[in-house]
Each structure stands twice: as C-alpha cells, then as structure tokens.
Amino acid sequence: MEENLVLITFSFYLIAALICLIVLWRKQHTLEKIGIICTIIAFILLNTVLICRSLLAGRLPGSNLYEFLLLFAWGMSATYLFIMIKYKLQSSGVFILPLITGVLGCASLFFSRIQPLMPALQSPWLKFHVSVAMIGYSVFAVSFALALISFLKVPVINSHHKSLDDLIYGCNALGFSLLTLVIITGAIWAEQAWGTWWSWDPKETASLITWLVYGFYLHMRHTSFWSNKRGAILTCLGFFSVLFTLMGITLLVPGLHSYI
C-alpha cells in the first residue's frame with residue numbers, strides 16, 4: 001500500500017511540475033491554479049505516507065536512504081510552498097518541483113520495509129540530527145532552484161520587495177547554520193556510538209566539503225569580487241555537493257554512514 005501511495009504522490013508532483021513548465025511559456029491563470037492544487041494534494045499525500053510509516057515504525061522515518069529521501073522531498077515541498085506564499089514568487093517551482101519529483105522517483109527505487117534500528121542508530125540523537133539535516137538540505141535545494149532561475153534569467157513574477165539574490169543568500173545562510181549544527185551533533189553522536197568525534201568517514205568528509213563551499217559563498221558575498229552570477233554558480237556547486245554527500249557517498253563509497 002505504501003508503495004502505491006508514494007507512486008500516486010509522485011504522479012501529482014509530476015503533473016504539477018509539467019504544468020509549471022507549461023505556464024512558464026504560456027501564462028494561464030487557471031492552469032497555474034491547477035498546478036498549485038496538485039502540489040498541495042501531493043504534499044498532503046506525502047504527509048500521509050510519513051505519518052503512517054512513523055506510526056507503524058514507532059519512530060521518525062530517517063534510518064535509511066529511502067526514508068530520508070521521503071523526508072527530503074517533504075522538506076523541499078514545505079520550503080517551496082512557504083517561499084511561494086510568503087514572497088509571492090509565481091512559477092518559482094519550475095526547478096524545485098522537478099527536483100522533488102526526481103527525489104521521490106529515486107526513493108521508490110530504494111523502497112525498504114520497516115525494520116528494527118541498527119545499534120548505532122538507537123540513539124536520542126537520531127530524531128534531532130536527521131530532522132536538522134533534512135531541513136538544511138531542503139533549504140539548500142530551494143536556494144539551488146532560485147539560483148538556476150537567477151542564472152538562466154527565467155522570467156518569474158516577484159511582487160515582493162526582496163530580490164532573488166537576497167532570497168538565495170537568506171536560504172544559504174540558514175542552510176549553512178543548520179549544516180553546522182548537523183556536523184556538531186553528528187560528532188557528538190559519533191563519539192557516543194563509535195568512541196571518536198571525527199574519523200574522516202567519507203560522509204563526514206563530504207559534509208565538511210559542503211560546509212566549506214557554502215562558507216566560501218557567504219564570505220564572497222561581502223567582497224568586491226561578488227556578483228549575482230558568481231553567487232548562483234557557487235550555490236549550484238554547493239547543492240551538487242549536498243547531493244553527492246546524500247546519494248553519491250551512500251551508494252558509491254562504503255563507510256560508517258552507509259545505511260541503504
């Protein structure tokens with residue numbers, strides 16, 4: 001049943017993404033409203049999937065790649081809806097909705113039935129560490145989508161006073177703070193689980209590289225070398241590092257964090 005519900009959710013996000021692309025080239029308010037309704041329905045369905053899995057497992061999902069990808073899709077959806085409503089950025093889903101659809105598609109490939117937690121994951125730090133990581137990655141995903149809009153000069157209606165560059169900066173600053181917290185809590189958890197704060201595990205190293213990329217972005221924004229274009233490029237590089245940390249390391253490089 002869960003697999004079918006994820007498939008239905010994926011379908012609604014796919015429809016919303018296609019509508020958003022169509023509206024970008026041919027403005028139709030009715031079609032745009034349908035796209036927003038599809039996004040909201042998909043978000044409700046995704047909430048249903050996560051709530052059901054949480055109740056059945058007796059814990060917050062996030063112990064393997066499948067569960068984290070579901071949480072990642074949820075976080076991106078929530079952040080996107082917030083940005084769209086608060087800052088009135090019409091058609092801002094032109095990149096984020098396909099990304100959410102892709103993440104859900106990947107999640108379906110790694111479908112995993114509920115299993116008991118591994119000893120290393122049986123910690124009160126699991127909920128906090130995973131939740132903060134999910135929110136941070138989701139914020140980075142939205143900043144990546146906005147950076148693509150800025151870099152490619154995609155026409156979007158922005159009736160709010162904030163510029164795209166300011167929104168991207170705000171997202172990256174928040175994501176950087178959350179990633180810092182993820183690394184710190186991860187080190188504390190690692191010391192309790194494995195007896196060492198830092199072991200240069202592949203995912204730890206990749207997280208540090210991601211942190212340095214976004215740290216460089218935040219530093220560069222306050223120098224004379226700064227430009228919106230360079231900022232957009234750095235944001236894209238940072239998010240590619242996020243994806244590699246999340247997916248590439250997990251699938252390609254075995255380590256202490258290889259939970260599939």
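A short reminder: the numbers here are calculations on the coordinates, not readings from a lab. Only a predicted model underlies this, so the values are computations on that prediction, with no experimental measurement involved. So basically every Cβ, Gly included, is an ideal-geometry build from the backbone, and we count neighbours across all protein chains shown.
Can you tell me the relative contact order of the chain? Whole percent, Cα pairs under 8 Å, sequence separation 6 or more. 19 percent. Under conditions of 25 °C and 0.890 mPa s, the chain yields 129 µm² s⁻¹ as its translational diffusion coefficient, taking Rh as the Kirkwood radius over Cα pairs in the Stokes-Einstein equation. Note that the stretch 94-109 has calculated 3J(HN,Hα) couplings of 4, 10, 6, 5, x, 5, 4, 4, x, 5, 5, x, 5, 4, 4, 6 Hz, one per residue in order, obtained from phi through the Karplus relation 6.51 cos²θ - 1.76 cosθ + 1.60 (θ = phi - 60°); glycine and proline are x.
Using a cutoff of 8 angstrom between alpha carbon atoms and counting only pairs six or more residues apart, the relative contact order for the stretch 104-224 works out to 27 percent. When each of the peptides 24-30, 103-109, 146-152 is scored by the mean number of other C-beta atoms lying within 10 Å of its residues, the order from highest to lowest reads 146-152, 103-109, 24-30.
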